[in-house]
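The values are calculated or read from the model by the stated rules, or taken from the named source; none is laboratory data. Keep in mind the model is a prediction, meaning the values are calculated, not measured. Cβ placement follows ideal geometry from the backbone for every residue including glycine, while neighbour counts extend to all protein chains displayed. All accessible areas refer to the heavy atoms of the entire protein, side chains included, with ligands and DNA or RNA removed. Shrake-Rupley method; radii C 1.70, N 1.55, O 1.52, S 1.80 Å.
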Amino acid sequence: MPEAAYADARTAALARVQSPPDVRRPHPWLSRLLAPPGSGRLDLLRAAVGGKVVLVTGASFGIGEALALRLGAAGARVVLAARSGARLQALVRKIVAAGGEALALPLDLTDPGQVEAAVEELAAIPGGVDVVVHNAGKSIRRSLGRSLDRAHDFQRCMAVNYLGPVQLQLGLLGAMLTRQAGHIVNVSSVGVGLPAAPRWAAYLASKSAFDVWMAAAAPELRPGGIHCTSIYLGLVHTRMSAPTPGYRGLPGQTPDEAAQVICRALIRRPRSVGPWWLTPARWLATPLARPVAWLQGKLFARGSDSPAAQGAR
Ligand SMILES: NC(=O)c1ccc[n+]([C@@H]2O[C@H](COP(=O)([O-])OP(=O)(O)OC[C@H]3O[C@@H](n4cnc5c(N)ncnc54)[C@H](OP(=O)(O)O)[C@@H]3O)[C@@H](O)[C@H]2O)c1
């Protein structure tokens, strides 16, 4: 395609790729400063994933939805997985209408039978799955005092954030190892690298489990031609963070900005991606462990569970 025509197509594609209109981002300047680096370069993304089969879990809402739109615009063959089948179908229509290629894969990651069936369906795609973005996630912010009869919170988080993704990835790994190629991306949280925050036990334990799985898998898989990337996002203003009123005024990314962080990781395939301050914060966590624990105790005592966490079943 001539350069000018390609630039026009890129501009048109980018214009179609927008965050949902209801997403507002407070403190845009500070949000950009604190966020991990992203890339909006559709030409680079096209070079990385054009024509490849990219599976995005959790594609029905938020970050996954924004990522799927970008991947579709960049010429990837996108497979969209989540429970909300109607939303996935609508997203497929949107991607196809914009000239892309997409397929909906309704899937509940907490159901091992559904994961097994999904693996079979994915294995039937000619050429197999090249890239897996483990983006689906379940977040719970609730104090332990309100969790005494809620073992299911911990079971569900483990199922969505760890056990389901591991089963799915194991099912797809054989074909990747045979081809000696593939990219596995885990959309994680800065919370797994920092002193564990009160009220986040269910979420952080499950996100940490998959983070450790990736850390152990990466050196095993790299000699076989498979790249592993863990992405540590800060606050993103999505359906997931919305129930906590205190987060609404904090600096954070829009879903599309977070999707651009994932796009950059798909282009560069680094082992990990996070905001610039995460590494110094990790270093400081050990010498400052006692004051941090004291501060966390104070903040916990002053804070409260969100209305959603107080009322939900
Ligand atoms: N938002 C933040 O501040 C933030 C910060 C750091 C990291 N992250 C991570 O970013 C990822 C995306 O989060 P988001 O903010 O975009 O949240 P979101 O808008 O709530 O989207 C979560 C996605 O996961 C899917 N999902 C949930 N349960 C599922 C299940 N049982 N089976 C299959 N799919 C399921 C949801 O689809 P269905 O409901 O249709 O199944 C949805 O598409 C998550 O892994 C999250 O941990 C988010």
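Roughly how tilted is helix 112-123, in degrees to the nearest 10 and between 0 and 90, from the longest Cα axis of the chain? Helix 112-123 sits roughly 30 degrees off the main axis of the chain. Couplings 3J(HN,Hα) for the range 296-310, derived from phi with the Karplus relation 6.51 cos²θ - 1.76 cosθ + 1.60 (θ = phi - 60°), are 4, x, 5, 5, 4, 5, 7, x, 8, 5, 5, x, 5, 5, 6 Hz, where x marks Gly and Pro.
What accessible area per residue, rounded to a whole number of Å², is obtained for the range 244-293 using a probe radius of 1.4 Å? Walk me through the numbers on the way to the answer.
On the way: 2730 Å² over 50 residues.
About 55 Å² of surface per residue is accessible.
Each Lys or Arg adds one and each Asp or Glu subtracts one; over the other residues with Cβ under 14 Å from the Cβ of Ala258, this totals +2.
Amide H contacts of Arg83: Leu107, each under 5 Å away and 5 or more positions distant or on a separate chain (H built 1.01 Å from N in the peptide plane; Pro and chain starts excluded).
Computed in the context of the full set of protein chains, the accessible area of the range 135-198 at 1.4 Å probe radius has 60% of its extent on carbon or sulfur.
Helix 85-97 and the longest principal axis of the Cα set of the chain meet at an angle near 40°.
For the range 52-87, backbone nitrogen atoms closer than 15 Å to the point 7 Å from Glu121 Cα along Cα-to-C-beta are found at 54-60, 78-87.
With n ≥ 4 as the cut-off for DSSP H runs, can you work out [θ] at 222 nm for the chain, using -39500 (n - 2.57) per run divided by the number of residues, rounded to the nearest 500?
Values: 13 runs with 152 residues, N = 313.
Theoretical 222 nm ellipticity from helices: -15000 deg cm²/dmol.
Rounding to the nearest 10 and keeping the result within 0 to 90°, find how far the Cα-based axis of helix 3-16 lies from the longest principal axis of the chain. In the chain, helix 3-16 runs at an angle near 40 degrees to the longest axis.
Taking 25 Å as R0, compute the FRET efficiency from the Cβ-Cβ separation of Ser143 and His27 and round it to 0.05.
Between Ser143 and His27 the formula returns 0.35.
Database remark: amide H of Val78 closer than 5 angstrom to the amide H of Val54, Glu101, Ala102, Leu103 (H placed geometrically; neighbours at sequence offset of 5 or more, or on other chains; Pro and chain starts carry no H).
Just add up the charged neighbours of Leu103: K/R +1, D/E -1, any other residue whose Cβ is under 13 Å from the Cβ of Leu103. Let's see the in-between values first.
On the way: positive: Arg77, Arg93; negative: Glu101, Glu121.
Once all neighbours under 13 Å are counted, the net charge is 0.
Could you tell me what % of all Cα pairs in the chain have separations over 23 Å? Intermediate results must be reported in sequence, preceding the final value.
Details: 27882 of 48828 pairs.
Roughly 57 percent, once rounded to a whole number.
Since only Gly171, Leu33, Ser230 are under comparison, the one whose Cα sits farthest along the positive direction of the charge dipole of the chain, derived from C-beta charges on Lys, Arg, Asp and Glu, is Leu33.
Summary of the geometry: the range 109-135 and the range 248-294, compared by the centres of their Cα atoms, lie 28 Å apart. Look at the dipole of the range 33-167 built from charges on Cβ: of Ala74, Ala117, Pro106, the Cα furthest out on the positive end belongs to Ala74.
Once neighbouring chains are kept in place and the probe is 1.4 Å, which whole percent of the accessible area of the range 261-310 is contributed by carbon and sulfur?
Values: 2110 of 3390 Å².
Its accessible area is 62 percent carbon and sulfur atoms.
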